[in-house]
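Everything below concerns the one structure shown next.
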Amino acid sequence: MQITKFTVALLTAVSGASAKCWSGGESGHFGSGLTGANSLSLVCSYLSGTYRANEQRHTCVKDNKGIRWDFTLKKLGDGARDIETKECESGFGKEAFGCEFGGHSSYANWEYKADPQNGECTSTT
């Protein structure tokens with residue numbers, strides 16, 4: 001987990017972007033439960049692919065600490081664009097591992113939201 005947090009911090013510094021953390025709500029424990037079968041790679045395997053202009057997709061996972069995480073990815077701007085798993089993980093990592101209560105951020109092409117909550121997932125897409 002330390003390597004993951006370091007990598008997210010390094011990518012944040014290099015990209016010049018950072019998450020806008022929510023100040024309250026359900027604690028996601030800085031993403032410490034998003035490991036193994038409930039990791040960001042699983043989340044991004046659902047969300048990666050080709051998006052049209054302003055298309056938004058959502059998925060939900062329950063982490064190893066019993067916290068439900070709602071992840072939303074939106075393509076910003078005109079035209080279609082692909083997102084690969086690694087780019088997706090980098091974007092969501094800022095919110096999941098950098099914010100106690102989750103957060104959101106926007107870049108030139110993508111808007112990411114990671115929101116830890118109580119309860120069960122109602123769907124995965």
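The values are calculated or read from the model by the stated rules, or taken from the named source; none is laboratory data. Note that the structure is a prediction, hence the values are computed from the model and not measured. All Cβ positions, glycine included, derive from the backbone under ideal geometry; neighbour counts span all protein chains shown. All accessible areas refer to the heavy atoms of the entire protein, side chains included, with ligands and DNA or RNA removed. Shrake-Rupley method; radii C 1.70, N 1.55, O 1.52, S 1.80 Å.
Shown here is the pair-distance distribution of region 80-123: with all Cα-Cα distances grouped in 5 Å bins from zero up to the longest one, the shares run 5, 20, 26, 21, 18, 8, 2 percent. For PHE101, the residues 5 or more places off, or on other chains, whose built amide H falls under 5 Å of its own are TRP22, GLY28. Rolled with a 1.4 Å probe across the full set of protein chains, the surface gives ARG68 an accessible area near 40 Å². In the context of the full protein assembly, LYS20 retains an accessible surface of approximately 110 Å², using a probe radius of 1.4 Å and ignoring ligands and nucleic acids.
Evaluated with a Cβ-only charge set (Lys, Arg +1; Asp, Glu -1), region 20-125 carries a dipole of roughly 60 debye about its Cα centre, given to the nearest 20. Just so you know, the averaged projected area of the alpha carbon convex hull for region 20-104 sits at 5.1 nm². Surface listing: HIS58, HIS29 arranged by accessible area from highest to lowest gives HIS29, HIS58, probe 1.4 Å. Note on surface exposure: ASP82, ASP115 rank ASP82, ASP115 by accessible area, highest first, 1.4 Å probe.
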